[in-house]
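Everything on this sheet refers to the single structure shown next.
The values are calculated or read from the model by the stated rules, or taken from the named source; none is laboratory data. What you see is a predicted model; the values in this text were computed from it and never measured. Here Cβ is always computed from backbone atoms with ideal geometry, including for glycine, and neighbour counts include all displayed protein chains.
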Amino acid sequence: MSETDLATLLAFFKAMANESRLRIVGLLAERERSVQELAELLSLKEPTVSHHLAALKALGLVSARAEGVTRWHALRLEALTALNRNLLDQKGVAELSRGVSETTWEEKVLASFVAEGGALTQIPASRRKRSIVLKWLAEQFEEGRRYKEAEVNQILQRRHWDCATLRRELVGAGMMDREAGIYWRTPASAGRKTNPPP
């Protein structure tokens with residue numbers, strides 16, 4: 001999503017976060033209305049209604065036409081539809097998270113549970129945090145290499161005394177697999193079983 005699109009989306013939500021503007025949009029969706037009529041229906045002063053209409057016009061959501069001394073305002077439904085289609089689809093909404101780094105959160109989790117020197121202070125109770133720690137532990141093992149259980153225990157004990165729990169957690173999370181006492185690292189992101197390396 002471009003900076004311009006993001007600014008448009010922010011302006012839209014700011015404009016629509018006002019109850020009077022929402023009611024004006026609803027009334028204009030029914031038919032054209034004048035400032036005087038809107039003011040009367042909403043129990044607002046005409047300058048207040050004009051201010052709200054100006055905000056909606058700036059977004060291109062409202063059009064106005066003059067008829068004598070009266071200005072008639074109408075909702076530009078096609079503009080609302082276009083905004084929805086261009087900015088509020090799933091891909092557009094997902095783009096709002098661009099620039100937010102999951103790594104930062106993962107780094108914070110690791111900083112909370114891994115002491116200086118690399119020792120794990122505790123096994124997180126939260127499943128999401130535990131997954132981050134398990135991924136970090138899985139990286140202690142080389143991909144494609146086979147390990148005897150004693151080697152796995154030795155590597156894990158460098159990080160935490162409860163190597164048996166960590167070993168079971170790694171296998172349970174699909175980050176390591178085992179067969180006949182031999183362990184190997186799996187693609188952590190896939191989380192599915194792989195064949196033992198040769």
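Some points to look at:
- Test: residue in region 15-26 that is at pLDDT 95 or above, farther than 13 Å from L83 by Cβ and not in a helix (DSSP H, G or I): no
- Extreme residue, farthest from E107 (Cα to Cα), among residues of region 121-175 that are among the acidic types (D, E) and part of a helix (DSSP H, G or I): E149
- Cβ-Cβ distances below 6 Å connect the following pairs, each with a first residue in region 47-69 that is under 26 Å from L6 (Cα atoms), a second residue that is among the aromatic types (F, W, Y) and buried (at least 17 other Cβ atoms within 10 Å of the Cβ), and a separation of six or more residues or different chains: L59/F12.
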